[in-house]
Amino acid sequence: MEVFKISKSEKQENHSHQNQPNKNIKIAFFTNFIFSMIEFFFGSLFNSVSIMSDAVHDLGDSISIGFAWFFQGYSEKQQDEQFTFGYNRFSLLGALITGVVLIGGSFFMIYRSIPRLIDPQPVNYSGMFWLSLVAIGLNGYAAWILSKGSSKNEGMLNLHMLEDVLGWIGVLVVSIVMNFTEAYRLDPILSILIALY
C-alpha cells in the first residue's frame with residue numbers, strides 16, 4: 001500500500017511538471033495578445049509608427065505563442081502506433097513557426113516605416129513614454145514566467161519577450177528625446193531598428 005502511495009505521488013508530480021510548460025506559454029500568450037490590441041489602439045491614437053510596428057510584432061509573437069501552446073501539448077503525448085518516437089518534435093515545429101512569423105513581421109515593420117522617414121509626422125511622445133513603461137513591465141513579467149521553463153518553446157519565446165523589452169526601452173528613450181527636440185524621424189528610425197534587431 002505504501003509503494004502504491006509513492007507511485008501515485010510520483011505520477012502526480014510528473015503530470016504537474018508536464019503541464020508547467022503549457023501553463024507558462026498560456027500566460028505569455030494572453031499577456032502578449034491583449035497588450036498587442038492595446039498597442040494598436042494607442043499606436044493609432046499617438047500617431048506613432050514605432051508603436052504600431054511593435055503592435056504588429058507583438059501580434060506576430062502572440063500567433064507564434066499560440067502555435068507553440070498547441071504544439072507543446074502534442075509534444076507531451078506518449079508514443080503511439082502513428083508516432084512511434086512520441087510527439088516530442090512538435091515542440092521544435094512550434095519553435096520553427098515562431099521564427100518564420102517574426103521574420104515576416106520584421107519585413108512588414110520596415111515597409112511601414114520608410115514613408116515616415118521621408119515625411120516625418122508629429123507623435124504624442126508623452127503617451128509613448130507612459131505606454132512604454134507599462135509595456136516594459138508586462139513583457140518583463142512574461143519573460144520572467146517563461147524563464148522558469150525548460151522546453152525549447154519556452155526558451156525561444158523567452159528570448160522574444162526579452163527582445164520586446166529592449167524594443168520598449170528604445171521607445172522610452174526616443175519619447176524622452178523627442179520631448180526635448182521634437183526629432184520625429186526618430187520614431188520610424190526606431191521602428192526599423194526593432195525590425196532589423
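The values are calculated or read from the model by the stated rules, or taken from the named source; none is laboratory data. These figures come from a predicted structure and were not determined experimentally. Here the Cβ is made from the backbone with ideal geometry for all residues, glycine too, and neighbour counts use every protein chain on show.
List pairs: first residue in the range 105-122 and part of a helix (DSSP H, G or I), second residue surrounded by fewer than 14 Cβ atoms within 10 Å (Cβ to Cβ) anywhere in the structure, Cβ distance under 8 angstrom, at least six positions apart or on different chains.
Filtered contacts from the range 105-122: Ser106/Leu196; Ile110/Leu196.
Give the residues of the range 138-197 that are outside any helix (DSSP H, G or I) and at pLDDT 80 or above, sorted by residue number.
Matches in the range 138-197: Glu182, Ala183, Tyr184, Arg185.
I need a count of the residues in the range 154-189 that are of a type in the set (Phe, Trp, Tyr) and either more than 20 Å from Leu133 (Cβ to Cβ) or without any contact (Cβ under 8 Å) to a residue 24 or more places away in the chain (or both).
Here the count works out to 2.
Report whether or not Phe107 is under 21 Å from the mean Cα position of the chain (by Cα), under 19 Å from Asn47 (Cβ atoms) and not charged (D, E, K, R).
In short, no.
Taking the condition surrounded by fewer than 20 Cβ atoms within 10 Å (Cβ to Cβ), in a helix (DSSP H, G or I) and modelled with pLDDT of 80 or more, does Ile51 pass?
no
Applying the selection to the range 164-181, what residues are in contact with a helix residue (DSSP H, G or I) (Cβ under 8 Å, 6 or more places away or on another chain) and over 20 Å from Phe35 (Cα atoms)?
Val174, Ile176, Val177, Met178, Asn179
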